[in-house]
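Undergrad: Below is one structure. I have some questions about it.
Any read-out appearing in this document is the output of simple, stated calculations on the displayed coordinates, not a laboratory observation. Nothing here was measured: the structure is a model prediction, and the numbers come from that model. Methodologically, a virtual Cβ is constructed for each residue, glycine included, from the backbone with ideal geometry; neighbour enumeration extends over all protein chains shown.
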Amino acid sequence: MLLRLFIVVAMLVTATPLVAQQAPAQTPPADNQEQDQPVSYEEQVVVTASRTEQQLVNAPAAVTLVPTTTIQNSPTTNMGDLLRTVPGINVSQGSARDINITTRGATSTLATSQLALVDGRSVYLDFFGMVMWDLVPTNLPEIRQIEVIRGPASAVWGANAMTGVINVITRSPRELAAQAPTTVTIGAGAFNRSAQGVDRDSGSLFYVNGSHAQAVNDRWAYKLSAGYLTQDPLPRPVGTIANSFRTPYPPFTNEGTSQPKFDARVDYDIASGGTVSFSGGIAGTEGIIHSGIGPFDISSDSRMSYFSTRYQNGARRIAFFTNLLDGSASNLLAFQPNGRPLPLVFDTKTFDIEAADARSIGTRHVLAFGGNYRHNAFDISLAPAGDDRNEGGGYIQDEIFFGNHFRWVVGGRVDKFSSIDDAVFSPRTTFMVKPVQAQTFRVSFNRAFRAPSFINNHIDTTVLNEVNLSALSPALARFVFPIRAVGNPELKQETMTAYEVGYTGVLGGRATVTAAFYYNVTDDGIYFTPVAAFTPASPPPGWPLPPAILGVLAGLTPPVVLPSRFTYLNLGTIKDKGVELGVDLTVNRSLTVFTNYSYQAKPVAEDLPPGTTIDDINWPPKNRFNAGFDVSYRRVLGNLSVNHTDEAYWQDVLDARFAGVTEPYTIVNAGFGVRWAGERVITSLKVTNLADQDVMQHIFGDVLKRQVVGEVRFTF
């Protein structure tokens, strides 16, 4: 099938190409006439791979760019569904608001290894080690493009860019003022909630968002935007989990979500060059977030606000931002010894300052360098004795040009955390071969890391666990016992060493073709691990049988052990490998099509502690396939995408009784729109999961069914 696909692409790209548009590129001064020739193909420009502007084909890492047309035409209403079609990305939606994204590895209820940025500002939440995508105060129509680094990027971005980086790049006020000064979008729809043979009423959703931008003069411009989304809860799975325990799904009350947001930005263009930007916003959320100790219900007063200012002039950047997160939640399954739900109250403050620049040195070198300092202040109910955290780091990278056909990128970054004893070095080197200007073969080596989260280091709480031991005694059908959870301040960073062979090429001015093989080795993975158990000498409180029975249970195959204490430990080595192939083809000015395939091998575990196996680690889907198109012709616009995801294994909620495999699924999404009144009004019908398949993206997550939304967008 893949061979047939590449033959079709080759036939298409040999046709007459489109009129090309030259894109800026990061190259040193030319030393011969060949380098002075104009670019003859239409090329996409990215900034995330090296923190400097460069053509996608010259990036020293595997990068996918999601363009404006895809973002605006997509029928999706959340970031997970939008990015699902990127090769190598694994997306898990667990509730109406809970989205987790991981590149080149299994994701989980808390995706801890994927860095997320908005215009270069980190939105990664260090206290839990995760990204809450609904707290990004940016409406989809304001996004210019999304850049995804598929693979490690700590060499320039520092901690937590271990499996990849997602950078959401928004339109400037001046861009919006020139293209769509004022927009208002209103959408309403419904989704099926009859799943797994259980009839339920349909759920509804509603959203409204708008923005206004104005160029006051040739120096000042501003934009204001706001939005609101509300959605009913998705259906919960019923029956028992498909594993040897046949554990019933807990019947907790599911929740929907409401998400208000507001964002503002002011730009000042300096006469001598460069722009100073001031931006700020606030986003709120409520609903369910899944975690290793069960689902938390986030209260409606939870919110994240931010302020950012930056100076940008070419590659030179000086920036400051602060993220302020404040909220509360209560666990729906985990209870304290007093019988009350486990609470989570969080108040975190992040302050970050950074500087970066790039310089050409002679005709053979482009040097990029920079650094940042960050202070995190935490007030977390689950970690009452934890300290604040300071971190800082700097990077330097040299892109060396050996004539027209060979380039070598070499660099690295050093980071120091107050929570980690030693400084962490993250090197990067990529050797690139360019047989022609529009094609690049690369071989790369990277090392990246994830810092222990604040919860990893300092959690301190007791929760009640429940086990069914009715085979021993009817009185033990629901035996409840306490478990102590404590952090580990001595944790080391989780480290990934990555090797990659890749290709990126633009063929015939029409098609961007990518291919990559990667091999990742993760050492010192951070896992929540039992370190003590109840014994005949120390039985759990209220144990109604002779204590010696606990010794008998521990001697069974498999053993039945009642853990008494958990903590976080650095454990073992995990090896992942995979292949990614993709084609993005511009058929003509009205139609673009894409297809990609990802193969992810089952992880291999080594040097795990006794009693731990590969079954204690999530496995990503083995095969993922995406295909689709975007069309914009006269008054008509549309989008169609097909995503097939193989089965995946999950074990990251509660204990082994809740582990299991999700079934393969195929999601078809489609959107159709018509422009009216000289394109000032666009009406659209957007459908996700067109075939109405029961889709579970996590063994403990909600069930996703067909969703139909009608949307109207006004431009003034």
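Undergrad: So, in Å, what gap is there between the alpha-carbon centers of segment 649-676 and segment 313-339?
TA: 25 Å
Undergrad: Which FRET efficiency value, to the nearest 0.05, do you get for Asn243 and Asn313 by plugging their Cβ-Cβ distance into 1/(1 + (r/R0)^6) with R0 = 41 Å? Could the numbers behind the result be given before it?
TA: On the way: r = 57 Å, r/R0 = 1.39.
After rounding, the FRET efficiency stands at 0.10.
Undergrad: Let me ask something additional. Suppose every Lys and Arg Cβ carries +1 and every Asp and Glu Cβ carries -1, with no other charges. What dipole size does segment 547-626 come out with about its Cα centre, to the nearest 20 debye? Walk me through the numbers before you get to the answer.
TA: Working: 7 positive and 7 negative charges, 43 e Å.
My answer is approximately 200 debye.
Undergrad: Report the net charge of residues surrounding Glu606, where surrounding means a beta-carbon distance below 12 angstrom and charges are Lys +1, Arg +1, Asp -1, Glu -1.
TA: Charge balance in the 12 Å sphere: -1.
Undergrad: Just one of (i) 153; (ii) 172; (iii) 216 is volume of the Cα convex hull per residue in Å³ as worked out from the coordinates here. Which one is it?
TA: (i)
Undergrad: Moving to a separate point now. Given the DSSP H assignment, sum -39500 (n - 2.57) over each helix run of at least 4 residues in the chain and divide by its residue total; what's the result at 222 nm in deg cm²/dmol, nearest 500? Walk me through the numbers on the way to the answer.
TA: Values: 8 runs with 50 residues, N = 716.
Result for the chain, helices only: -1500 deg cm²/dmol.
Undergrad: Sticking with this structure for a sec: So which of Lys492/Lys577; Lys575/Lys602; Lys577/Lys602; Lys416/Lys492 end up more than 18 Å apart, counting from Cα to Cα? Don't skip to the answer; put the middle values down first.
TA: Values: Lys492/Lys577 24 Å; Lys575/Lys602 9 Å; Lys577/Lys602 8 Å; Lys416/Lys492 12 Å.
Check vs 18 Å cut-off fails for Lys492/Lys577.
Undergrad: Here is a follow-up. Please report, in debye to the nearest 20, how large the charge dipole of segment 570-669 is about its Cα centre when each Lys and Arg carries +1 at its beta carbon and each Asp and Glu carries -1 there.
TA: Details: 9 positive and 13 negative charges, 146 e Å.
About 700 debye.
Undergrad: Another question about this same structure. Select from Val436, Gly280, Phe700 the residue farthest towards the positive end of the dipole of the chain; place +1 on Cβ of Lys and Arg, -1 on Cβ of Asp and Glu, and compute about the Cα centre.
TA: Val436
Undergrad: How high is the relative contact order of segment 125-200, given as a whole-number percent (alpha carbon pairs under 8 Å, six or more residues apart)?
TA: Working: 54 pairs, mean separation 16.7, N = 76.
Dividing the mean separation by the residue count of segment 125-200 yields 22 percent.
Undergrad: Full extension from Lys575 to Asn623: what is 0.36 nm times the residue separation minus their Cα-Cα distance, to one decimal in nm? Don't jump to the answer; show the numbers that get you there.
TA: Values: separation 48, 0.36 × 48 = 17.28 nm, distance 1.73 nm.
Net length gain for the segment: 15.6 nm.
Undergrad: For the pair His365/Asp388, report the inter-label distance in nm, with labels modelled 7 Å from Cα in the Cβ direction.
TA: It is 3.9 nm.
Undergrad: Still on this structure, I have one more. Just the number, please: percent antiparallel of the DSSP beta bridges in the chain, rounded to the nearest 5.
TA: So the antiparallel bridges amount to about 100 percent of the total.
Undergrad: At a 10 angstrom cut-off on C-beta neighbours, averaged per residue, how do the peptides 190-197, 350-357, 671-678 rank from highest to lowest? Intermediate values should be presented prior to the final figure.
TA: Working: 190-197: 16.9, 350-357: 18.5, 671-678: 15.2.
Ranking, from highest mean packing down: 350-357, 190-197, 671-678.
Undergrad: What FRET efficiency comes out for the pair Asp357/Phe406, r = Cβ-Cβ distance, R0 = 22 Å, nearest 0.05? Working shown, then result.
TA: Numbers: r = 25 Å, r/R0 = 1.15.
For R0 = 22 Å, the calculated efficiency reads 0.30.
Undergrad: Taking 7 Å along the Cα-to-C-beta vector as the label spot, tell me the Tyr499-Val531 distance in nanometres, rounded to one decimal.
TA: Inter-label distance under the simple model: 3.4 nm.
Undergrad: Nearest 0.05, what FRET efficiency do Lys349 and Val208 give at R0 = 45 Å with Cβ-Cβ as r?
TA: On the way: r = 31 Å, r/R0 = 0.68.
My answer for the efficiency is 0.90.
Undergrad: Please list, in order along segment 356-364, the HN-Hα scalar couplings obtained from phi with the Karplus expression 6.51 cos²θ - 1.76 cosθ + 1.60 (θ = phi - 60°), rounded to whole Hz, x for Gly and Pro.
TA: 8, 7, 9, 9, 8, 10, x, 10, 10
Undergrad: Over all directions, what mean area does the Cα convex hull of segment 532-612 project, stated in square nanometres? Mind dumping the intermediate values first?
TA: Values: hull surface 42.5 nm².
For segment 532-612, averaging the hull's shadow over all directions gives 10.6 nm².
Undergrad: Related question: Could you give the dipole magnitude of segment 380-431 about its Cα centre, charging the beta-carbon of Lys and Arg +1 and that of Asp and Glu -1, in debye to the nearest 20?
TA: The calculation lands at about 280 debye.
Undergrad: In terms of Cα to Cα distance under 24 Å, which lysines are near enough to Lys686, apart from those fewer than 8 places away along the same chain?
TA: Answer for Lys686, where 24 Å is the Cα cut-off: Lys261, Lys705, listed by chain and number.
Undergrad: Nearest-5 percent of antiparallel DSSP beta bridges in segment 118-170? Spell out each step's value before the answer.
TA: Numbers: 9 of 10 bridges.
Bridges in segment 118-170 are about 90 percent antiparallel.
Undergrad: Taking 0.36 nm per residue of separation and subtracting the Cα-Cα distance, what length does fully extending Arg635 through Thr230 add?
TA: Working: separation 405, 0.36 × 405 = 145.80 nm, distance 3.00 nm.
Taking Arg635 through Thr230 to full extension adds about 142.8 nm, to one decimal.
Undergrad: Moving on. Separation of segment 427-453 and segment 465-500 by C-alpha centroid, Å?
TA: Here the two parts' Cα centres lie 38 Å apart.
Undergrad: What nm value, rounded to one decimal, do you get for the distance between Thr666 and Thr68 when each label is placed 7 Å out toward the C-beta?
TA: 3.5 nm
Undergrad: Say the dipole of the chain comes from +1 at the beta carbon of Lys and Arg and -1 at that of Asp and Glu; which of Ser204, Ile71, Thr102 then lies farthest toward its positive end?
TA: Most positive-ward Cα: Ile71.
Undergrad: Compute the acute angle (0 to 90°) between the alpha-carbon long axis of helix 2-13 and the principal axis of greatest extent of the alpha-carbon atoms of the chain; round to the nearest 10°.
TA: Around 20 degrees separate the two axes.
Undergrad: When only Cα pairs under 8 Å and 6 or more residues apart are kept, what is the percent relative contact order across segment 68-223? Can you show the working numbers first?
TA: On the way: 280 pairs, mean separation 25.8, N = 156.
This gives 17 percent for segment 68-223.
Undergrad: Can you quote the Å³ per residue value for the convex hull of the Cα atoms in segment 322-455, rounded to an integer? Don't jump to the answer; show the numbers that get you there.
TA: Numbers: hull volume 22.4 nm³, N = 134.
Taking only Cα atoms, segment 322-455 has a hull volume of 167 Å³ per residue.
Undergrad: In sequence order, what are the phi-derived ³J(HN,Hα) couplings for segment 437-446 according to the Karplus relation 6.51 cos²θ - 1.76 cosθ + 1.60 with θ = phi - 60°, rounded to whole Hz, with x for glycine and proline?
TA: 3J(HN,Hα) across segment 437-446, in whole Hz: 4, 8, 9, 9, 9, 9, 10, 9, 10, 9.
Undergrad: For segment 527-550 and segment 207-221, write down the distance between their C-alpha centroids in whole Å.
TA: Comparing the Cα centres of segment 527-550 and segment 207-221, I get a distance of 63 Å.
Undergrad: Tell me the relative contact order for segment 291-373 as a rounded percent, counting alpha carbon contacts under 8 Å between residues six or more apart. Walk me through the numbers before you get to the answer.
TA: Values: 160 pairs, mean separation 22.0, N = 83.
Answer for segment 291-373 is 27 percent.
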